[in-house]
Every structure is written in C-alpha cells, then in structure tokens.
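Before any comments, here is the structure.
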Amino acid sequence: MFRKKGILVLTMAMILASVSLTACQKTQETASVSSETSVLSAVSEGQETSVSSAEETASVTEDVSKTTESSQNPVSSTSPVEQSSTAQTSTKPAEQSSTAQTSTKPAEQSSTVQTSTQPAEQSSTVQTSTQPAEQSSTVQTSTKPAEQSSTVQTSTKPVEQSSTVQTSTKPTEQSSTVQTSTKPVEQSSTVQTSTKPVEESSKPTETSTPTITPQETDIGGIALYQELFSMDSTVQVSLTVAQSELDKLQSDYNKYKNMGSKSPIYRKATLTLTVNGTTYTLDEVGIRLKGNMWLAPVYDKKGKLNISHYKLSFNETFDDSTYYGAEAKKWASDEERKARKKRRLATLKEMDTKWNICYDETFVREIYAADLCREQGILVQQIGLAQMNFNGKNYGIVKIYEPVDDIFLKKRLPEAALGGDLYKCGWTMRPCNYVQNEVTYGVEDKDKALKYNFNLKTNKKKSDHAALKNLLKVMAGNPSKADFEKIVDADYFAKFLAVSYFLGDPDDIRNNYNNHYIYFRKDTGKAVFIVYDNDRTLGITYGYNPDGTGMTGQQPFYDKAVGAGGSQRNPLIRSAILNSNAYCKTQYTSALQTIAASRFWQEDVFLTYYEKAKNHYAAFVQPDVNFANVKQSFRFSLDGKYPAGDKANMSFTEYVTRIMKTYHTAMGG
C-alpha cells in the first residue's frame, strides 16, 4: 500500500513539474514579446536613435559655384568628382508624412540639433523624411521655440537621383556646441535650397545604432555652401567674443610678434551665421587674427579698437595644455573629442573673414576675378560678402573665404588626383621664385618662428617633399619640353598665367613671387596652380601701385617681376612663355584670346554683381565703430579715377579700357 502511495505521489509530482515547466516557458515567451514591444515603444518615445549617414559626403561633392545668372556653369580643366553623393535633407509636417520617424533623447544641459514639427512639450521626436523630385518642388518645415532647446528650420528641393541622408542623433550628456535655429513660426518663411543632381548616387544603408553625434554633423551641408557664396544671398556673420578672450587675442599677438611670428592660438567665440533668413549658431568656435603685412592687433598702441582679418575654426578642441594651461578643455570621452574634430559648417572646417582693406568701393572685384578664373577652368576658392556683427556692433561689410585645403580639393578634383602635396606659396623673408637654392619648404611652426616659402598644408607627417624637390631640380637644369611637361600641367599653367595677366595683380606669382597655391596631383604627379588672395585686382591700386598704371601698361609677354622689381626670375614662367623656345607660348596666346573675348569684360555683367552687392548690404556699409586702422569711410560706388599714385582705385570700366588697349596693341589686333 505504501508502494502504491509512493507511485501515486511520484506521478503527481511529475505532472506538477510538467505544468510548472510549461507555465515557465509561456512566461518567458510573454516576457520576450513584452521586451520587443518595450523597445519599439521606447523608439517611438524618443529613447533610442536611428541614424543613417554617409560620412562627410556633403564635403566631397563637385564644385557647385552659384554666383549670378550669367555664371552658372564654369568650365574646369580638372574633372570634379563624379558619383559623389550629396546630402539632401527635407522635412514634411508629421500629418503629411508616411516615412519613418526618428527621434532624439534629450540630454541634461545639452544643446543639440533638433528638427521638429511639434512643440517640445508635446513631443521629443525628430521627423525626417524625403520626397522624390517628381512628388514635390518645395518642402516646408516650421518650428516652435522649445524651452532650453534650439530648433532647426531647414528645407530643400529634392533632387532627382540624389542620395538621401536621414539623420537623427542621440545627444550625449554635456554634448555641446551645435545649435541651429530659425525664427519662430509666426515670423519665419520657408527657405528653399537646391543642389545639382548627382550622377549614380546611392542611398546610404540604414542602421539602428548611432554612428554620428551632433558635433560631427555637417551643419547645412552643400546646400548651405552654395547659398553662403552666392551673390543672390544675404549673409550675416555675428561673432560674440568675451572681453577675456579678446584680451588673450591681444596678448597672443604681442607674444608672437616679439618672436617674429604669428599666433596659432584660437580663442573662443560664438558664431551666429544667418543666410537668407535662416540662422545657424555654433558655440566654441575658434577665432584668431589673420594676415601678413596687414596683420592688425585687437587694439592699437593707444588702446583704440582695430578692425582685423579673422580665421574661424569650427573644429577647434581647445585642449592643448601648452596653449590653454589650466583652462584646457576636458573632454568627456575620446568619441566626443573626435566628434568635435569632425564638426563642419557648410562642408567647411574653417572660414576666413577679411575687411575691405584695399577700399574697393564696388566690394566685388575679388569675387568677380574669382568667377572669371572659374569660367576659364582655373582652381580658385569661393568668396562671398557678409555683414559682420561683432559683440553686437556693426563692423560693416567683410568678405568671407573658403579655405584652400583637402576639402577644397575634394570638391574639384577626381578621386585619383587626391592625396598629393598641397603648398601655400608666398613671400616668407624671401620671394617664392622657384629658384632651387633660394626657396625653402616645410611645415610652418609658429611656436618656433619657422617659416617657409612653400608651406605644406597636406601630408604634414609623411611627406618627403619629393614632388616639389623634383620640380625645383628639373627647372634648375634648363629642362626640355618633355621634361617640363612631366612635372607641370602645361595647358593648365598657360591658362593660369593668361588669367593672371588680365587680372592685373602686382602681388601674384609672376609679379611678386607671391600669393598662390601649388598642388601635385597624386595620379599624374604634375603640378597645378591655384589662384589665391587676388584682392589687388582689376584696377585696385590703393596702397600698392608699383608700375604706376595699375598693371594696365604691361604687355602680355613682359619680362619683368613688376612688384618685386627686376627681370623675371621664376624659371617656370620663363620656360612656359618668355624664352625664345617657350614651351607654352601657343597655349598661352590662345588662352589670352579666349579670355579677352569673355563676357566678364562687359560692363553690364560687372554691374550685375555690383547691384546685387549694393542691394543686399548698402544699409550696413558704415561701421558703428570708429576703428583706429581705417583711414576713410566705406561706401558703395562705381566711381574711380586713373591714379597718379597709389592712394586711389580706378573704376572697373577704366581698367578694362586700358588693359584691352595694351593687349590688342601688343598682339597686333
């Protein structure tokens, strides 16, 4: 009997164990389903981030110069990068969108990029959607201000076959610096931005884990780059710099001047950039004084404020203890620091600003000269105008410049050509005349007051300067035409010299062994030349008029270095166009003829630039500050006179009349 009871108990125990195991399995399945549901719910509530990005794709697109209606398609002798993907982001109101919603998780004390169609108190999600071109021509995005949160108002025209980058980010605690904002809804208008179609572009792969942070974002991308340097745009650059930081800039200037150098140290500023009504704000932007002969301190010797040229850095980390001491920034993580190093504005790492130091009363001659270069296929930086506010005061109208760097090259050259050595070339104690035993080359070190004629800008840690040394060696040995063409893109160089002749800058590669860049292509090894710092062009003579004619008296084959004085010593120029057996004389002559027939010499084309500049900026041309280093008032004017000395600028029309007369007389035309 006891045995039967034991069997019965054992049987009942087994049945209960089976039931318990089944219940446990069901509980685990229920928990698993509940967990998946929680994840999906968390995503919808802004607790997870979905990011799809192509790293810095906007910064490697083709050169998309946008100037006037008459200068839309500049010719380039070097092919832009094909198949590059352009970041295009457009947003739709949530009630009209069928696309996936991505969200950001707010972080304590974090200023982040947020794009939203709902007030912050109702939703923390970011809705980012795209439309194909055939479904929409414009996209409207409106935002409401949110407590402790900046908002984004960005809309673009979708481009057929363009790649779409959908981006939302999960801010990290203490992530800092990128604030992009627009006017409140009741005051704002839709901004439409479009870019050229990109051939064979592909859509980035979506991922469920964050791959970028706000600091890595290319704020505005290629669309903002186009607007920023367009004569059709109204641009305002506002800088806020604490008095303590201004004092440090002054101290930096004094310290490095006593060393015979220029300060490399960036101080902190807040930048607010407004382009056609849309505002982008970046904290912790680096600012330092810029310039060579015209480098000006913050204050003069009497303590009166100067106006200066500035270099702005969007990716400065401020963590070098040598420069910043106890104030050096402490980054929360390596990832956060790396993110700052990747921060871009309108595809750029940096941007230069220069005041109207040559008193060009049209304000547009250097911009116009750059577009003439671009029309002829010559590499040149983008230049635009902006009204500058500095600590709340109007500083008048400045020019803004795209830097010549690796990003510049990526926009303009095919991929195979990238990776070569880029040098900034100019006077550094001695002329940059390409004479082998007279020039210097290396990586500038401002802390050691080391300066070079050829200042290496790329491959700083690995270059052995082989391409440059070979060029100098070949040119020192009276090269044959074949040898010359192995080291120089001869056709391009001929056009470069022809454009330079007509621009009439006495401070360039030919006249003063100065102010240009040279780049050695990775694929061919050949040198190409980049126009730079053409602020003394097209009749600008203020402060420097070495031949007394504003360069209008020089014939195309003149054998002088007018600015430096004496005969031409640059062996490249002699071999190309001046020697009896000059290798590029035919190409040079042909290029001169092409440029002489350009529409850019027509007064009505120049007036298009001038009128746009005047319409956008005339109200701001007079600064609020009486600067110590400004000798006369700014004004918009087409007036000019043929200067007897170097204290005035001739008019554009006067310059064209005189240079064309000299050219046609010399060529027998």
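The values are calculated or read from the model by the stated rules, or taken from the named source; none is laboratory data. None of these values were measured; they are calculated from a predicted model. All Cβ positions, even for glycine, are placed from backbone atoms using ideal geometry, and neighbour counts span all protein chains on display. When the accessible area is computed, the model is the full protein with side chains, heavy atoms only, and any ligands, DNA or RNA have been set aside. Shrake-Rupley method; radii C 1.70, N 1.55, O 1.52, S 1.80 Å.
Remarks
- The set of residues in segment 519-542 being assigned to a loop (DSSP other than H, G, I, E, B), within 23 Å of residue 358 (Cβ to Cβ) and in contact with a strand residue (DSSP E or B) (Cβ under 9 Å, 6 or more places away or on another chain) consists of 532, 533, 534, 535.
- When residue 280 is tested against the conditions (1) crowded, with 21+ Cβ neighbours inside 10 Å; (2) over 17 Å from the mean Cα position of the chain (by Cα); (3) among the hydroxyl-bearing types (Ser, Thr, Tyr), the lone failure is (2).
- Some residue of segment 650-660 being among the aromatic types (Phe, Trp, Tyr) and either touching a helix residue (DSSP H, G or I) at 6+ places or on another chain (Cβ under 6 Å) or open to solvent by 40 Å² or more (accessible area, probe 1.4 Å) (or both): yes
- Segment 399-411, residues that are closer than 30 Å to residue 622 by Cβ and either open to solvent by 20 Å² or more (accessible area, probe 1.4 Å) or more than 13 Å from the chain's Cα centre (by Cα) (or both): 399
- The criterion of at least 1 residues that are touching a Lys or Arg at 6+ places or on another chain (Cβ under 9 Å), without any contact (Cβ under 8 Å) to a residue 60 or more places away in the chain and not basic (Lys, Arg) is met, among strands (runs of 3 or more DSSP E) falling completely within segment 389-495, by 393-401, 454-456.
- Yes/no for residue 503 being hydrophobic (A, V, I, L, M, F, W, C) and in contact with a helix residue (DSSP H, G or I) (Cβ under 9 Å, 6 or more places away or on another chain): yes
- Meets criteria (more than 29 Å from residue 233 (Cα to Cα), in contact with a helix residue (DSSP H, G or I) (Cβ under 6 Å, 6 or more places away or on another chain) and surrounded by 15 or more Cβ atoms within 10 Å (Cβ to Cβ)) for residue 556: yes
- Residue check, residue 308 over 18 Å from residue 235 (Cβ atoms), touching a strand residue (DSSP E or B) at 6+ places or on another chain (Cβ under 9 Å) and hydroxyl-bearing (Ser, Thr, Tyr): yes
- Looking across segment 239-262, the residues that are open to solvent by 20 Å² or more (accessible area, probe 1.4 Å) and under 27 Å from the mean Cα position of the chain (by Cα) come down to 240, 242, 245, 248, 250, 253, 262.
- Taking segment 326-337 as the range and being within 26 Å of residue 249 (Cα to Cα) and open to solvent by 40 Å² or more (accessible area, probe 1.4 Å) as the test, the residues that pass are 326, 327, 329, 330, 331, 337.
Yes/no matrix, rows are residues, columns are (1) surrounded by 15 or more Cβ atoms within 10 Å (Cβ to Cβ); (2) touching a Ser or Thr at 6+ places or on another chain (Cβ under 6 Å); (3) modelled with pLDDT of 95 or more:
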{"residue": "597", "(1), (2), (3)": "no, no, yes"}
{"residue": "600", "(1), (2), (3)": "yes, no, yes"}
{"residue": "604", "(1), (2), (3)": "no, no, yes"}
{"residue": "618", "(1), (2), (3)": "no, no, yes"}
{"residue": "634", "(1), (2), (3)": "yes, no, no"}
{"residue": "639", "(1), (2), (3)": "no, no, no"}
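- Every test in (1) on the phi > 0 side of the Ramachandran plot; (2) open to solvent by 30 Å² or more (accessible area, probe 1.4 Å); (3) modelled with pLDDT of 95 or more; (4) hydrophobic (A, V, I, L, M, F, W, C) is passed by residue 416 save one, and that test is (1).
- Residue within segment 537-548 that is within 26 Å of residue 486 (Cβ to Cβ) and in contact with a Cys (Cβ under 7 Å, 6 or more places away or on another chain) present: no
- Of the listed requirements (1) out of contact with any helix residue (DSSP H, G or I) (no Cβ under 6 Å at 6 or more places or on another chain); (2) over 30 Å from residue 256 (Cα atoms); (3) open to solvent by 20 Å² or more (accessible area, probe 1.4 Å), residue 444 misses just one: (2).
- Residues that are open to solvent by 40 Å² or more (accessible area, probe 1.4 Å) and assigned to a loop (DSSP other than H, G, I, E, B), drawn from segment 341-351: 342, 349
- Every test in (1) out of contact with any Lys or Arg (no Cβ under 9 Å at 6 or more places or on another chain); (2) of a type outside the set (Ser, Thr, Tyr); (3) outside any loop (DSSP other than H, G, I, E, B); (4) open to solvent by 30 Å² or more (accessible area, probe 1.4 Å) is passed by residue 587 save one, and that test is (1).
- Any hit, segment 380-398, residues being open to solvent by 10 Å² or more (accessible area, probe 1.4 Å), closer than 24 Å to residue 495 by Cβ and out of contact with any Phe, Trp or Tyr (no Cβ under 8 Å at 6 or more places or on another chain): no
- Test result for residue 574, part of a helix (DSSP H, G or I), at pLDDT 95 or above and either surrounded by fewer than 21 Cβ atoms within 10 Å (Cβ to Cβ) or of a type in the set (Val, Ile, Thr) (or both): yes
- Pair list, Cβ < 7 Å and 6+ apart or interchain, from segment 615-628 residues that are in a loop (DSSP other than H, G, I, E, B) to residues that are of a type in the set (Val, Ile, Thr) and open to solvent by less than 30 Å² (accessible area, probe 1.4 Å): 621/397; 627/307
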